[in-house]
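Engineer: Let me begin by handing over the structure; questions about it come next.
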C-alpha cells in the first residue's frame, strides 16, 4: 500500500512538472506558431514570418494594397495602404497619397511589434574601436567615413548596451590598403561581434553600414535590429535582421540572395 502511494505521488509530481514547463515555455511556442508578420525595409526588401520561419518575398503582388504601420526615421506615421511601382507609395483610407521622404519601414502583423526610435552619436572614445581594429589586424589611422555609437537597452535587462559602427568604405584617400566595415556591441565591457566585412581596396568595393531599426519582432520584450549595408553606386543594399541568443548575434534573415 505504501509503495502504491509513493507511485501516485511521483506521477503527480511529474504531471505538475510538465504542466509548469508547458506554462513557462509551451504557451509562448504555441503563440509563435500563429505569428504572421510582414516587414518592408526600403525599396528592396520584403520579409515574411509565418509558421516560425522567415522568408524573402519576391513578388510585390503579395503585399500591394495591404495596410501597414508605416515608420519613417523611426517615427510611426500611421497605418496606410502600400503599393509598389518604381518604389513604395502610401495611401490613406480615402486613397490620398502620403509622402514617403526617407527610408521606409513598414509592418503588417497579427501581434504588437514595438519599434524603438534610436539616436546615433559620433564616437568620441575609440578604446573599444582600436581593440577591435587590432584584433582584425587593421590600422587605426582614423580614415573613417562613418563612425557611430548607439546606446540602447537591447535585451531589456535594465542595463544599456553600446553599439559601435565603424567603416572606411568609399573613402577619398588613395593610400588605403584594406576596406572595412565593422559593427559590434559592448556589454559589461565585453565585445560582441555583429558584422565584419574586410577586403582589399579596389576603389569601388565595400559597403556603408547603418542601423535601419531596433524592434521587437516576436513580442518577447527583447529587441532585434535591422542592419543595412549600402554598396557602391547601383550595387544595392544588403539588409539583415539580427537577434541576440546565447551570447551571440545571429542573422534571422537577409535579403542577400
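Engineer: Is one or more of the residues making up the stretch 108-119 in contact with a helix residue (DSSP H, G or I) (Cβ under 9 Å, 6 or more places away or on another chain) and either in contact (Cβ under 8 Å) with a residue 60 or more places away in the chain or buried (at least 17 other Cβ atoms within 10 Å of the Cβ) (or both)?
Structural biologist: For the stretch 108-119, residues in contact with a helix residue (DSSP H, G or I) (Cβ under 9 Å, 6 or more places away or on another chain) and either in contact (Cβ under 8 Å) with a residue 60 or more places away in the chain or buried (at least 17 other Cβ atoms within 10 Å of the Cβ) (or both): present.
Engineer: Any idea which of 179, 183 is part of a strand (DSSP E or B) and either surrounded by fewer than 17 Cβ atoms within 10 Å (Cβ to Cβ) or touching a residue at least 40 places away in the same chain (Cβ under 8 Å) (or both)?
Structural biologist: Sole residue among the options that is part of a strand (DSSP E or B) and either surrounded by fewer than 17 Cβ atoms within 10 Å (Cβ to Cβ) or touching a residue at least 40 places away in the same chain (Cβ under 8 Å) (or both): 183.
Engineer: Could you check, for the stretch 55-65, whether at least one of its residues is assigned to a strand (DSSP E or B) and modelled with pLDDT of 95 or more?
Structural biologist: The answer is yes; a qualifying residue exists.
Engineer: Here's another thing I want to ask about it. Here's a check for you: in the stretch 70-82, which residue that is surrounded by 15 or more Cβ atoms within 10 Å (Cβ to Cβ) and over 17 Å from the mean Cα position of the chain (by Cα) is nearest to residue 112 (Cα to Cα)?
Structural biologist: Here the residue is 79.
Engineer: Name, by its number, the condition in (1) over 19 Å from the mean Cα position of the chain (by Cα); (2) over 23 Å from residue 190 (Cβ atoms); (3) free of Cβ contacts under 8 Å to residues at least 40 places away in the same chain that does not hold for residue 88.
Structural biologist: (3)
Engineer: Out of everything in the stretch 150-162 that is in a strand (DSSP E or B) and in contact (Cβ under 8 Å) with a residue 60 or more places away in the chain, what residue ends up being farthest from residue 208 (Cα to Cα)?
Structural biologist: Going through the qualifying residues, I end up with 152.
Engineer: Do you know which residues across the stretch 197-220 are free of Cβ contacts under 8 Å to residues at least 60 places away in the same chain and buried (at least 18 other Cβ atoms within 10 Å of the Cβ)?
Structural biologist: Once the filter is applied, which keeps residues that are free of Cβ contacts under 8 Å to residues at least 60 places away in the same chain and buried (at least 18 other Cβ atoms within 10 Å of the Cβ), the stretch 197-220 yields 201, 206, 207.
Engineer: Could you list, ordered by first residue, the pairs with Cβ atoms under 6 Å in which the first is in the stretch 129-149 and in the same structural domain as residue 207 (by TED's automatic domain parsing) and free of Cβ contacts under 8 Å to residues at least 24 places away in the same chain and the second is surrounded by fewer than 17 Cβ atoms within 10 Å (Cβ to Cβ) and part of a loop (DSSP other than H, G, I, E, B), at least 6 apart or interchain?
Structural biologist: 130/140
Engineer: Hey, another quick one. Could you grab me the full set of residues in the stretch 77-92 that are at pLDDT 95 or above and either within 17 Å of residue 225 (Cα to Cα) or outside any strand (DSSP E or B) (or both)?
Structural biologist: 92
Engineer: Also, quick follow-up: Filtering the stretch 241-250 down to residues that are without any contact (Cβ under 8 Å) to a residue 40 or more places away in the chain and in a strand (DSSP E or B), which residue is surrounded by the most Cβ atoms within 10 Å (Cβ to Cβ)?
Structural biologist: Within the stretch 241-250, the match that is surrounded by the most Cβ atoms within 10 Å (Cβ to Cβ) is 243.
Engineer: Using the structure shown, decide if residue 111 is under 30 Å from residue 217 (Cα atoms), outside any helix (DSSP H, G or I) and within 14 Å of the chain's Cα centre (by Cα).
Structural biologist: Judged against the criteria, residue 111 is not a match.
Engineer: Let me ask something else about it. Please work out which residue is farthest from residue 40 (Cα to Cα), limiting yourself to the stretch 83-92 and to residues that are out of contact with any helix residue (DSSP H, G or I) (no Cβ under 6 Å at 6 or more places or on another chain) and surrounded by 10 or more Cβ atoms within 10 Å (Cβ to Cβ).
Structural biologist: 92
Engineer: Would you be able to tell me the number of residues in the stretch 221-240 that are assigned to a strand (DSSP E or B), touching a residue at least 60 places away in the same chain (Cβ under 8 Å) and under 15 Å from residue 114 (Cα atoms)?
Structural biologist: Number satisfying all stated conditions: 2.
Engineer: For the list (1) assigned to a strand (DSSP E or B); (2) in contact with a helix residue (DSSP H, G or I) (Cβ under 9 Å, 6 or more places away or on another chain); (3) surrounded by 15 or more Cβ atoms within 10 Å (Cβ to Cβ), I need the number of the one condition that residue 123 fails.
Structural biologist: Only one criterion is unmet by residue 123, namely (1).
The values are calculated or read from the model by the stated rules, or taken from the named source; none is laboratory data. In this text the structure is predicted, and so the values were computed from the model without any measurement. Heads up, the Cβs are rebuilt from the backbone with ideal geometry, glycines too, and the neighbour counts pull from every protein chain shown.
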